[in-house]
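*Asks:* Got a structure for you, written out below as structure tokens; questions coming shortly.
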Amino acid sequence: MENKRLGAVPPMGWNSWNTFTWDINERLIRDVADKFFTEGYKEAGYEYIVIDDCWSLKDRDEEGNLVADSTKFPSGMKALADYIHLKGLKFGMYSCNGTHTCAGYPGSFEHEFQDAKLFAEYGIDLLKYDNCYKPKQMSGELLYKRMSLALKNSGRDILFSACNWGEDGVYQWIRESGAHMFRSTEDIHDNWDSIKNIATSQLDKECYTGSYCHNDMDMLVVGMYGGSNDSNIGSKIGGCTDNEYKTHFSLWSIMGSPLMIGCDIRNANQVTKDILMNPDIIAINQDIECRGAYRIEPSWWNTEGIFILVKALADGNLAIGFFNLTDGDRELAIKFWDTGLSYASGMSLSLYDCWEHKELGVFKERYAPVVKAHDCVLVRAKLVR
Ligand code: GLA
């Protein structure tokens, strides 16, 4: 591999699945690439534009190659890759370790090296690799190792995004497989319960995320407001509130997940843009050391649905997130002692609010914000004398 930094920090980008599922085409992808530029997503750090399932024909050609659907992509994948690269962005595609993709298109089983070569010829920079229609006798672990090896020998730097939904004990072998990120949960849906369930299911898995192999909590639903052409993904009750989207983005960021936008950025409103492009939150996610976030139980008698996450940053600061997933407002108190800051050090924490974008002051021993229902407070804490 040429690019030694490939996958060092959580990848950031956009993926077609959440909003568009099967309804994808080259016009859409080009428009998204244009918006990355004109709306500031590229400058904010978003880089990959990923076409998910449903891009190919239902059959391979006579040589056994995958064939892009020419009604959806008349100019072909190479031309689309060139367009995306000209904008200084990166191009991602999708396949599956089984005989078929989840939506029933050809999968890469027993075609791994052939497909990796084709993807490299297209000029792709990321491959999302799903887990449907895997022959029962095959080990998932082996199939992810197989595609990883095929990609690393394809002649192109291709970030490998494994997507086995946390199955087959993925935590035990994924880092060794060579994958740069791994889906650890079921599919996300655009509703608060889904966000809450995914986040809480990953609190004990933070020890597994880190540089070059990131725990992927699935694509973001920020800004979807229930708008997906698949009613299974878009909630029938209209998605989430802006505060819930803000909490979702904060959780995914501090927990080190890749940040793959899933809404229609061609029509995103200002609130959505402010959430997705918050530089202070993105800086926490992209911190070069990629430490997992550890959990501190707030000092209170009933801690169900409330927790504090602390992420150690490379410059010695701490990112501290106060999360209230319950339906009522709560005070969440952190004792600095629990972060390793002893009384004897004589030091305090100077806190900066990453959503309000303002200094909160210098605090000794303890900080206790009141956090609204379904909301969060995320601060960057600096040690001061
Ligand atoms: C699975 C994946 C999703 C998406 C679909 C496509 O469900 O987990 O992220 O890629 O397949 O069919």
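*Asks:* So what is the diffusion coefficient of the stretch 12-285 in µm² per second by Stokes-Einstein at 4 °C and 1.567 mPa s, using a Kirkwood Rh over Cα pairs? Could you put the intermediate results ahead of the total?
*Replies:* Numbers: Rh = 18.6 Å.
This corresponds to a translational diffusion coefficient of 70 µm²/s.
*Asks:* Using the Karplus curve 6.51 cos²θ - 1.76 cosθ + 1.60 with θ = phi - 60°, work out ³J(HN,Hα) for each residue of the stretch 152-157 in order, rounded to whole Hz, and write x for Gly and Pro.
*Replies:* 5, 10, 8, x, 9, 6
*Asks:* Compare the peptides 192-199, 83-90 by average per-residue count of other Cβ atoms within 10 angstrom and give them in order, highest first. Walk me through the intermediate numbers first.
*Replies:* Details: 192-199: 19.8, 83-90: 16.6.
For the peptides 192-199, 83-90, the packing ranking is 192-199, 83-90.
*Asks:* Give me the one-decimal nm value for the distance between modelled label points at HIS100 and PHE113, 7 Å along each residue's Cα-to-Cβ direction.
*Replies:* With each label point 7 Å from Cα toward Cβ, the separation is 2.8 nm.
*Asks:* What is the Cα coordinate range of the stretch 164-249 on the first, second and third principal axes, sorted by size from largest, in whole angstrom?
*Replies:* 41, 23, 18
*Asks:* What dipole magnitude, in Debye to the nearest 20, does the stretch 294-384 give about its Cα centre under +1 on Lys/Arg Cβ and -1 on Asp/Glu Cβ?
*Replies:* On the way: 10 positive and 12 negative charges, 57 e Å.
Dipole about the Cα centre, nearest 20: 280 debye.
*Asks:* Send over a whole-number figure in Å² for the accessible area per residue of the chain, probe 1.4 Å. Kindly include the intermediate steps, with their values, before the conclusion.
*Replies:* Working: 15640 Å² over 385 residues.
For the chain, the per-residue accessible area is 41 Å².
*Asks:* Under a Cβ-Cβ cut-off of 11 Å, what is the net charge of the residues other than PHE73 that fall near it, where Lys and Arg count +1 and Asp and Glu count -1? Intermediate values should be presented prior to the final figure.
*Replies:* Values: positive: ARG27, ARG30, LYS72, LYS78; negative: GLU26, ASP69.
Result for the local shell: +2.
*Asks:* Using a simple spin-label model with points 7 Å from Cα along the Cα→Cβ vector, what separation in nm is obtained for ASP204 and ASP23?
*Replies:* In this crude label model, ASP204 to ASP23 measures out at 4.1 nm.
*Asks:* Okay, moving on. Tell me the carbon and sulfur percent of the accessible area for the chain, rounded to whole percent, probe radius 1.4 Å. All intermediate terms of the calculation are to be shown ahead of the outcome.
*Replies:* Working: 7820 of 15640 Å².
The computed percentage sits at 50.
*Asks:* Quick one: if the Förster radius is 25 Å, what FRET efficiency do LEU149 and THR71 give, using the C-beta to C-beta distance and rounding to 0.05?
*Replies:* Working: r = 34 Å, r/R0 = 1.35.
With a Förster radius of 25 Å, E is 0.15.
*Asks:* Now a separate question. For ARG366 and THR38, compute 0.36 nm times the residue count separating them, minus their Cα-Cα distance, and round to one decimal in nm.
*Replies:* Working: separation 328, 0.36 × 328 = 118.08 nm, distance 4.28 nm.
Residue separation times 0.36 nm, minus the Cα-Cα distance, leaves 113.8 nm.
*Asks:* Going down the list LYS246/LYS372; LYS90/LYS152; LYS273/LYS382; LYS335/LYS382, which pairs span over 23 Å between their C-alpha atoms? Walk me through the intermediate numbers first.
*Replies:* Working: LYS246/LYS372 12 Å; LYS90/LYS152 17 Å; LYS273/LYS382 27 Å; LYS335/LYS382 15 Å.
Pairs exceeding 23 Å: LYS273/LYS382.
*Asks:* What order, most packed first, do the peptides 46-52, 266-272 have when packing is the mean number of other Cβ atoms within 10 Å of each residue?
*Replies:* Values: 46-52: 25.0, 266-272: 13.7.
For the peptides 46-52, 266-272, the packing ranking is 46-52, 266-272.
*Asks:* Pop out the Kirkwood hydrodynamic radius of the stretch 44-141 from its pairwise C-alpha distances, inverse of mean 1/r, in Å to one decimal. Walk me through the numbers before you get to the answer.
*Replies:* Working: mean 1/r = 0.0717 Å⁻¹.
Radius from the Kirkwood sum: 14.0 Å.
*Asks:* Right, next: Over the Cα atoms of the stretch 294-384, each weighted equally, I'd like the Debye log10 I(q)/I(0) at q = 0.21, 0.23, 0.25 Å⁻¹, rounded to two decimals.
*Replies:* So the normalised log intensities are -1.02, -1.20, -1.38.
The values are calculated or read from the model by the stated rules, or taken from the named source; none is laboratory data. These numbers come from a predicted model, not from an experiment. Here the Cβ is made from the backbone with ideal geometry for all residues, glycine too, and neighbour counts use every protein chain on show. For the accessible areas, the whole protein counts, side chains as well, though only heavy atoms, and no ligand, DNA or RNA atoms are used. Shrake-Rupley method; radii C 1.70, N 1.55, O 1.52, S 1.80 Å.
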